1. Would you call Arg167 within 16 Å of ligand 3 (Cβ to nearest atom), surrounded by fewer than 24 Cβ atoms within 10 Å (Cβ to Cβ) and outside any helix (DSSP H, G or I)?
2. Quick one: would you say Thr406 is over 22 Å from Gly50 (Cα atoms) and either buried (at least 22 other Cβ atoms within 10 Å of the Cβ) or hydroxyl-bearing (Ser, Thr, Tyr) (or both)?
3. Would you mind telling me which numbered condition in (1) more than 15 Å from ligand 1 (Cβ to nearest atom); (2) in contact with a Leu (Cβ under 9 Å, 6 or more places away or on another chain); (3) open to solvent by less than 30 Å² (accessible area, probe 1.4 Å) Gly385 fails?
4. Can you find a residue in the range 369-378 that is in a strand (DSSP E or B) and within 16 Å of ligand 3 (Cβ to nearest atom)?
5. Here are some residues: Ala234, Ala202, Ala173, Ala180. Which one is in contact (Cβ under 8 Å) with a residue 60 or more places away in the chain, open to solvent by less than 50 Å² (accessible area, probe 1.4 Å) and of a type outside the set (S, T, N, Q)?
6. Taking the range 156-169 only, how many residues are within 15 Å of Cys208 (Cα to Cα) and away from ligand 2 (no atom under 12 Å from the Cβ)?
7. Yes or no: His422 under 18 Å from the mean Cα position of the chain (by Cα) and outside any helix (DSSP H, G or I)?
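The values are calculated or read from the model by the stated rules, or taken from the named source; none is laboratory data. All figures in this text were calculated on a predicted structure; none of them were measured in a lab. Positions of Cβ are generated from backbone atoms using ideal geometry, with glycine treated the same way; all protein chains shown enter the neighbour counts. Note: areas computed on protein heavy atoms with side chains; ligands, DNA, RNA excluded. Shrake-Rupley method; radii C 1.70, N 1.55, O 1.52, S 1.80 Å.
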Amino acid sequence: VTAPTRTPAAVPLDPALVGSLEDVVGAAQVLTDPDVVASYARDWTGRFIGATQAVVRPGSVDEVAEVVARCRDQGVAIVPQGGNTGMVGGSVPLHGEVVVSLRRLAAVGPVDAAAGQLTAQAGVTLADVQAAARDAGWAYGVDLGGRDSATIGGNVATNAGGLRVLRYGDTRAQLLGVEAVLGTGDVVEHLGGLLKDNTGYALHSLLCGSEGTLGIVTAVRLRLVPPAPQRVAAILGMKDTSSAVAAALELRRTLPALSAAELMLSDGIDLVCRVTGSPPPLAGPHEAYLLVEASGTADPTGDLTTAVAALPGVEDAAVAVEPRRIDALFRYREGHTEAVNSLGVPHKLDVTLPNGVLAEMVDRLPSVVRTVAPDASVWLFGHVGDGNVHVNVTGLAPDDERVDDTVLRAVAEVGGSISAEHGIGTAKRRWLSLNRSEAELRAFAALKRALDPAGIMNPHVLVGP
Ligand code: FAD
Ligand code: MLT
Ligand code: ZN
């Protein structure tokens, strides 16, 4: 199976179905103008460009349920879509599916300040969830570069990770319940937020990371975390990749306030500086850079300084304590995504490596790529505190999968994961069996059949038709 990255034309839809969907959500909320729907059919990276005849924008859970029921009755496939910032071609209609956009489900609250929990509709952006938590005197534990566009429903559907997983865990670790429309058309709702609640299958956990293949998440119940207003961040210039990786792992042990540990390499830093016009973060060049952040209720600067001073391989450091300076340091890391995209359509591989082989594999991956694509450029960065490395490759045709194949096999061979945080989507489906046994894949298929018997929910993603 080779996943398509481009779809030439939309599958014609029965005009009666379009009319029927207009009856449900209102004519203005069924978009059919090719110029308008085009932006819903192209992914953020530009690698996956599909086509659709209709984008449906329901405004309530009942409308979502009715849209799903009518598509199910006609056997018409659906791609759920939030902010369309996904990186694995799962949010766009590569086989002409109807797009169901959740962005109109944008109500946040109530924030239960006493419980430290929040209920939000699926289309609320991550940034708005963070702001609502902050306004109530709490914080939300997940943060990532796409925060202004990515929706909380999309975060749940992909089990998004990001910059603070080593401190607070991934999206699943924040999730206490969901409201969702299953592929059957049934609405399930479990938003009570009880911390201890062993009353059977955890459907919210199952839907988390299911990438729109089992149903549409319409609302979520999230746990919040105590705010950590005292922050310090540093970019460390490291002797080499091994010392950067070793430093990240050591800081998890020696610096309890550690809240981020991100790897960058010298060519990535150069690229970000070139594209953004920023000065280099440190006076001289270094083979590897580690962005670290510590935070808490007490000033963690002393603890960070002591912990960093004990690390071997630190050649230089830029430390920031003011929020604006801290943000500027984070921009060197977060800027990698747009900077790489500016070079052309990237292949984005997002892997986890076991700690024991992490440094060696980061050093080896460029030569692994070069065995099949000698002229390609490799950009490595990532959430190294979690063993998560983003392997970005530019200079390849969008549908040339030789590098994807070689890298993902090399990662699986050493016991790594072919998808750390972005999901499988359509882009990685071909390689899922590198990480999952036949028995697991049979269980996946059985779950899919049970919750989406008509096979209409994102049928080309993750488990496949
Ligand atoms: P979409 O892209 O719209 O959809 C993603 C998948 O979820 C698709 O399969 C879609 O069908 C499904 N889906 C969306 N909404 C729903 C719903 N309500 N119900 C059911 N299924 C749904 N990701 C990380 O994990 N960590 C990062 O650090 C990170 N950084 C990023 C930085 C940038 C600059 C960008 C652009 C992206 C980044 N991402 C990161 C990727 C992306 O932001 C996440 O995958 C995010 O969770 C996707 O949310 P979305 O609303 O854009 O979902
Ligand atoms: C990141 O960590 O920057 C994101 O996952 C996005 C990317 O991989 O480019
Ligand atoms: Zn990431």
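1. When the stated conditions are applied, Arg167 does not pass them.
2. Values: over 22 Å from Gly50 (Cα atoms): yes; either buried (at least 22 other Cβ atoms within 10 Å of the Cβ) or hydroxyl-bearing (Ser, Thr, Tyr) (or both): yes.
The answer is yes for Thr406.
3. The single condition Gly385 does not satisfy is (1).
4. If we filter the range 369-378 for residues that are in a strand (DSSP E or B), which is where we start, we get 377-378.
Now restrict to residues that are within 16 Å of ligand 3 (Cβ to nearest atom): none.
Taking every residue of the range 369-378 in turn, none turns out to be in a strand (DSSP E or B) and within 16 Å of ligand 3 (Cβ to nearest atom).
5. Testing whether each residue is in contact (Cβ under 8 Å) with a residue 60 or more places away in the chain, open to solvent by less than 50 Å² (accessible area, probe 1.4 Å) and of a type outside the set (S, T, N, Q) leaves just Ala234.
6. Selection size over the range 156-169: 4.
7. Details: under 18 Å from the mean Cα position of the chain (by Cα): yes; outside any helix (DSSP H, G or I): yes.
Yes: the conditions hold for His422.
Every residue, every condition in (1) crowded, with 18+ Cβ neighbours inside 10 Å; (2) away from ligand 2 (no atom under 11 Å from the Cβ), yes or no:
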site	(1), (2)
Gly302	no, yes
Thr306	no, yes
Leu311	yes, yes
Val319	no, yes
Pro323	no, yes
Leu329	yes, yes
Glu334	yes, no
Glu338	no, no
Ser342	no, yes
